[in-house]
1. A plus B alone minus the pair: what accessible area, both sides summed, probe 1.4 Å, in Å² to 100?
2. Tell me the label-point distance for the pair B:Lys17, B:Ala353, using the 7 Å Cα-to-Cβ offset, in nm and rounded to one decimal.
3. Just flag the trypsin sites (Lys or Arg not before Pro) in the range B:448-510 sitting in loop per DSSP whose Cβ has no more than 12 other Cβ atoms within 10 Å.
4. What length, rounded to one decimal in nm, is gained on full extension from B:Lys89 through to B:Leu391, with 0.36 nm per residue of separation minus their alpha-carbon distance?
5. Spin-label point model (7 Å from Cα, Cβ direction): what's the B:Lys656 to A:Arg27 distance in nm?
6. For a Förster distance of 56 Å, can you work out the FRET efficiency between the beta-carbons of B:Asn944 and B:Trp733, rounded to the nearest 0.05?
7. Which of the peptides B:784-791, B:582-589, B:950-957 is most tightly packed, and how do the rest follow, going by the mean number of other Cβ atoms within 10 Å of each residue?
8. Pop out a list of residues from the range B:864-898 that are at least 50 Å² less accessible with all the protein chains around than in their chain alone; 1.4 Å probe, no ligands or nucleic acids counted.
Amino acid sequence: MLLIHCPFCKNRNETEFVYGGPVGANRPDPNLVSDEEWVDYLTMVPNPMGPVYERWWHARGCDQWFIICRDTVTHEILENPSEEP
Amino acid sequence: MKNLNRLESGGRIDRSKSLSFSFNGKLYYGFEGDTLASAMLANGLHVIARSFKYHRPRGIIGSGVEDPASLIELLEEEASGNNLCTNVKLKEGLKAKSINCWPSVDFDVGAVVQYFAKFVPAGFYYKTFKWPTWHLFEPFIRRAAGLASAPKEPPKKGHFESRNAHTDFLIIGAGPAGLLATLMAARSGAKVFLVDQNTEAGGSLLSLKLNINQKPAMAWVESAVKEIANMSNVTHLQDSTAWAYREHNLVIINEREVENVSIIERSWRVRAKNIIIATGAIERSLVFPNNDRPGVMLASAVLTFVNRYSVKPGDNMVLFTNNDSVYSYIKDLKTAGINILAIVDSRKHIASAVLAEAQNVRVVLNSIIRNVNGYKKVNSVVVQSLVDKELETIPCDLLAHSGGWNPVVHLHSQSRGTIKFNDRIASFVPDQFIQNSISIGACNGTFTLNEIFNETKSLLCGVSAHSKPLVYEGKLECSKQSYSIEALWSIDLSKEKNKAFFDIQNDVTHDDIQLALTEGYSNIEHVKRYTTGGMGFDQGKTGNVNIIGMVAKEQGIDLDDVGTTTFRSPFIPVSFGSINGVREGSVVLPFRHTPITKWNLENGAFMYEAGARWRRPGYFPIGGESFQQAVNRECHAVRTGVGVYDGSPLGKFELKGENVGEFLDLIYTNIISSLEPGNGRYGLMLTDDGLIFDDGVAFRIDKHRWFISTSSGHSDAVYQHMLKILAFDHPEWDVKITNITNQWNNATICGPLARKLLKKLETDIAYDNGSFPFMTFREGHIADIPARIIRVSFTGELSFEINVSPRNMLVLWERIIEEGTEFGILPVGSEASHVLRVEKGFLSLGHEVDGTVDPYDLGMDWLMSKKKLDYIGKRSVHLRRSLGKVRKELVGLLPNNPNDAIPEGAPITPDGKKVATEGFTTACVWSVVNERWVGLALLENGHNRHGEEACVRMKDEIIRAKITKPVFHDSDGKLLRS
Ligand SMILES: [Zn+2]
């Protein structure tokens, strides 16, 4: 069970949160992209072994959505990740 | 009381406290301090269980968690399924029985299986029971290969409990390493948690008679325990096993002896800044034919039974080893009066100091055990020289063996730390640490007391969770010990007829491993799955490294290259009760109720769960009414008079802010932002991959204030969806969402007489159609209660949804029923509501909306805005439709015979042939207005097939039905707008 840092409530147990998937590309304007680009946006999400930015929702807490950077191998949540998502 | 095999004196048992217990219905006696296993051995019980696959008689092999065989079932007050008798603390009146045998453990019919063993090789289930279906064989196999039965009833006395704790140091294991670490951490003032799975602290020192500072080592243990008992910063738990090491230094502990007698077991979830693993080592088996016979035991277990429990497991003993550890036991075993006939050592040479410890016992070097004779008890062993292959039979009743020691790296491995093979001890030791933990002592591959203390002192210097450094001032001089080993994964078993077990718990033999390798299952994870070696409750504690060694040897590679299988939690079997804690029965997942549940029950409602844990009335039968009669009566009231429905579980949200209009236009398929205050619209929400997500209504209160409702089952998902969009896609928008699902309840009055009833209730709202039209809302009072009244309809009739605060819901409800009596009002349950919506062809999530359909399929083209450039799901719906594939579309079904009901989900096939389906029924109800069965279906190309015939393919018949528009009542919607 992860210990997740909510920006509002600080460290809380994973059971209070809902996972929102890794952070992929921003939603493009659907009228400005090709079919392939649109399908890529929907289906191609990062899935690395190592650090990945991901979304979590503090469902049984303050209702905040936020982003953390978690190492998928060690589960370490990096406090000062090198680059922004 | 006199026990057959109990020594005259010694041991850590209290001979003044005699305890009675029963095993398979017979009464026996033991002492306080015994485990069930030591008491059984003291009473001369040898056959405890029957083996999993071959039903071979099995006895006690280990003395603790490592035992792979002695599973029993506890009965009555202590009722619980699979327990190792080596792990069960003896209590007065304890009742236990054998498992996996019938009619008795001594005479087991299932034992005939072993004579057919060649027909049940490894992978047998995978190969044989594939055709026609596994389910045909499953019941037979389950009966044959059973473990204990689960208790039929929950425990009568007490309950389970869970606790959370946070600490600077969690130290797992109270052996010499763990105790020294505890003293060092505790003396620094840090918060310390010490857990140990034994009944008392000491670890290996409970069995080995060693000295510390010229005094018995247990004196040092006792003084350490006494010191920490007086420290307020230390929590010390015995009889407690750390069974899982999870992410972010969370360890789960199962505490079995709780100070409060009303607590059966307690589960601790401990988050620690630092974790010190000091879990010791487990003795490894040697692999030789019939190494599972009762009377063949691990050497360390024999020593433990002698020294700790004062029990003599046999009179005439042979030892078999490949390492030094058994030599240090000779003195104690001889003192206990055991006649040691020989030490059979597979090594060519041993150190002279080690040999000296044998004290004139015959040592047979360069030899192995070739076979064990005796079925229910060892009666002799066959020793073979590795030089001239000469055989010698030695009569004996006990064979103790040691294949070396496996550090207990389970928790380290669960923490995702890596392990490596160490040649010096011929086993795996921790390598890299991933989380904040260290391993010390035997679990780190350090076996002698002096080295353990030195290692603990030096490794703990580097750890600082607290401001003070950790030091140990004071001397620790220990007895001299030495350890060396030459790996022996198995004796040579080529052409061997007898079974030699690698994994005793799962009956995995040498032949099974060979078969797996021969058939190409050479990866260790495949060997595990193919043979089941290393699975089950003991998770291969005594045997797994031998399997890895064997696979390495057969393939000519290093053990490091073979690697280990994953060490999984739980480390020991843990009861479900302990995992659940207080979450039993109705509090596991509590039901959600509306304020009128009590009224519903008092009025005869048949209640059930209707999505999202809402407990709702299905229907209200009167007298001996059938389901259908009650539902028909309720439908009839709504269609001809008036009914009232509790709509409180609907998801309800209030949205505020300057950008709510834009936001709603993004999440709904139609335009919402153009609504005038007081008005509302029905809308569909899609996901961005173009599937229908939810439907509901949205109303505008004023310029920047709105409310929406969602289906009951999806309200949490919709809430999550909305907040996610605002957080990540449009953080710049000013939209605030409040979940008001539980703040507003509603009573929905529906039926042609609804308006008459409302006028009877004191109200300041005008209800005529001109001033209060369909899809608008009004705020005011009704029956002196502040209310928001919304004109929406899910039944197709004139309908008013009266929203009030929960505290007023019951009062309102009772007033409505009271005033409605003259109009024949009836409460309407979910079943009638379902019938009414099917008659209207209104969609229901989970019926017509199944995650494959889009709004066009449902004939809701009018909801897909053409004006809006973008809304969630638009691009994907049109992209998918542009592929031009045949779609399943919503249609109505009228069975040719009006009395034919079509089961929900029934397939529709072309001409009713037994071929691929072209659709399925989503709902079918008895229509009160049409006096016949009517159905809805999703059918390929259905919109173009009105008037044709559909064939519902049942098992033995075909139900023919006319395809129609999906609406059977008031098709132009006059009534709901009336
Ligand atoms: Zn929070």
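The values are calculated or read from the model by the stated rules, or taken from the named source; none is laboratory data. As the structure is a computational prediction, the values presented were derived from the model and not from experiment. Every residue, glycine among them, receives a Cβ derived from its backbone with ideal geometry; neighbour counts consider all protein chains shown. Please note that ligands, DNA and RNA were not included when accessible areas were found on the heavy atoms of the full protein model with its side chains. Shrake-Rupley method; radii C 1.70, N 1.55, O 1.52, S 1.80 Å.
1. 2400
2. Inter-label distance under the simple model: 4.1 nm.
3. When the trypsin sites (Lys or Arg not before Pro) of the range B:448-510 are filtered for loop state and at most 12 Cβ neighbours within 10 Å, B:Lys475, B:Lys480, B:Lys495, B:Lys497 remain.
4. Residue separation times 0.36 nm, minus the Cα-Cα distance, leaves 104.5 nm.
5. With each label point 7 Å from Cα toward Cβ, the separation is 2.4 nm.
6. Approximately 0.85, to the nearest 0.05.
7. Result, highest mean first: B:784-791, B:950-957, B:582-589.
8. For the range B:864-898, once contacts with the other chains are taken into account, B:Asp870, B:Arg875, B:Leu879 lose 50 Å² or more.
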